[in-house]
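Below is one structure, written out as structure tokens, with a few remarks after it.
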Amino acid sequence: MPRVSDDPHDAGETAATTAEAVVDLNAIAHNTRLLRSAAAPAAMMAVVKADGFGHGAAQVAQAALASGATWLGVAHAAEALALRKSGFTAPLLFWLPPPPDAVDAVLAAGIDVSVGSVSGLQAVADAAARTGTVAGVHLKIDSGMSRGGAPAEVWGRLFTWTHQFQDAGLLIARGLWTHLASAEETGSAALHIQMNDFRTAIEAARAIGLSSVILHVANSAAALHTPQARFDLVRPGLSLYGIEPVPGRTFGLRPAMTVRAPVVLTKRVPAGTGVSFGPDYYTSRETTLALVPLGFADGVPRRASNRGEFSIRGVRCRVAGRISMDQVVLDVGDLPVREGDTAVMFGPGAGGEPTVSEWALWGDTTANEVLTRIGPRVTRRYLPL
Ligand SMILES: *Cc1c(COP(=O)(O)O)cnc(C)c1O
């Protein structure tokens, strides 16, 4: 008996059968090697916060450590503890102030702590004394971003107390660091001021006897194009995932993530058909509409309604109407699209598909936000090393 599903179609074995984010760990490895050699002799901390920018913290950490990174960095204590729980023994730093009840566990797990105030330092020293551990401390300098870190007037006390707690065997001053506000702009006045402030902090720390600390400053943009910011260790995030961090420059990074989903419904409609709550979009001619099960809850920016593009068989297809929570409609024109074909939201771009950076423009946002918002309903699948 013939079956409706016997209709031939050519999407083949590589077709997406569900909304998925395919993460190519070879791209993570390539980017790690590239960053490592660009920043050499500086060592590399792979920044895997926010679940590895949505790629999977453990998978990315493993690929990066296997390819030349020697440190891992995250924002929250809980993220660091989760990595230890997954079995990662590499040096590991998190930089947001920990919840008071997490400090003991952090020290017991041998996780380094960032400290940007004297009270924060005291809390870490107390926890070390209480638990009989030695805390690895990275002193954070506020060099103008005015977000976290110690301002210049606190440096003297912070460094002096660090030295005393170190002498008492409670902590080791492991690092001195800051974060750059606008590392994309080479030669900017802000960058110059931040670098000067940081160098002043280094001198002040040395004067107090804190001399063997690891100096680290550079995020992706600085690691790749600001040699004077590399110091001992660089902390790339975005570039590790293959997004070029400096507008107008390409360094040969490979985007690791492809987000795609099957077309689940197609329909031929006449000119003048209203799509997705009518007022937004009317077809200008007879066309085919294709429904794809990815919406703003999955990370398709709603701001990209009527603007964003997917690709089907390498051909760009515009979003028709509003992006809803669970789905999006594409106007595919006369392209012979069938149910089961794969619609690509973004990927490396080599096959004509949009890139993360294009979605950042369509969604009025940044590449980091596009990547980190890919939601939990989107299945992660890994292309192994
Ligand atoms: C997120 C973050 C990074 C990585 O920055 P990118 O610009 O993504 O490379 C580095 N350091 C700190 C402190 C961060 O919060």
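Assorted remarks:
- Nearest-20 debye value, segment 1-151 charge dipole, Cβ charges on Lys, Arg, Asp, Glu: 660 debye
- Rolling a 1.4 Å probe over the protein heavy atoms of segment 257-383, with every protein chain left in place, gives an accessible area that is 53 percent carbon and sulfur.
- Sorted largest first, extent of the chain alpha carbons per principal axis (Å): 82, 47, 37
- If R0 is 56 Å, the Cβ-Cβ spacing of ILE193 and THR18 corresponds to a FRET efficiency of close to 0.70.
- A 1.4 Å probe run over the protein chains yields, for segment 26-241, 39 Å² of accessible area per residue, whole-number rounding.
- Comparing TRP155, ALA221, SER188 along the charge dipole axis of the chain, the residue lying farthest to the positive side is TRP155, per the Cβ-charge model.
- Computed over segment 257-383, the Cα gyration tensor eigenvalues convert (square root of 5λ each) into semi-axes of 22, 16, 13 Å, ordered from largest to smallest.
- Angstrom value of the Kirkwood radius, inverse mean 1/r, which spans all Cα pairs in segment 8-118: 15.5 Å
- Segment ARG338-THR160, length gained on full extension (0.36 nm per residue, minus Cα span): 57.2 nm
- Alpha-carbon Rg/Rh ratio, for segment 237-332, with Rh computed the Kirkwood way: 1.06
- Expected 222 nm ellipticity per residue - DSSP helices of 4 or more, -39500 (n - 2.57), all of the chain, to 500: -8500 deg cm²/dmol
- Binning the C-alpha pair distances of segment 26-241 at 5 Å intervals from 0 yields a P(r) profile of 1, 8, 16, 19, 20, 17, 12, 6, 1, 0 %, listed from the shortest bin outward.
- For segment 106-254, the carbon plus sulfur part of the accessible surface works out to 52%, probe radius 1.4 Å.
- For the listed peptides 96-102, 32-38, 295-301, a ranking on the average number of other beta carbons within 10 Å per residue, highest first, reads 295-301, 32-38, 96-102.
- Partners for LYS140 among lysines (Cα-Cα distance below 27 Å; same-chain residues under 8 apart left out): LYS49, LYS85
- Stokes-Einstein diffusion coefficient of segment 176-264, Kirkwood radius over Cα pairs, 10 °C, 1.306 mPa s, in µm²/s: 108 µm²/s
- R0 of 30 Å, Cβ-Cβ distance ASN26-ALA297: FRET efficiency to nearest 0.05: 0.50
- Where segment 257-383 is the region considered: accessible area per residue in Å², 1.4 Å probe: 44 Å²
- DSSP beta bridges fully contained in the chain are about 50 percent antiparallel.
The values are calculated or read from the model by the stated rules, or taken from the named source; none is laboratory data. These numbers were taken from a predicted model, which means no experiment stands behind them. Cβ atoms come from the backbone with ideal geometry, glycine included; neighbour counts cover every protein chain shown. Keep in mind that these areas ignore ligands, DNA and RNA; they rest on the heavy atoms of the full protein, side chains included. Shrake-Rupley method; radii C 1.70, N 1.55, O 1.52, S 1.80 Å.
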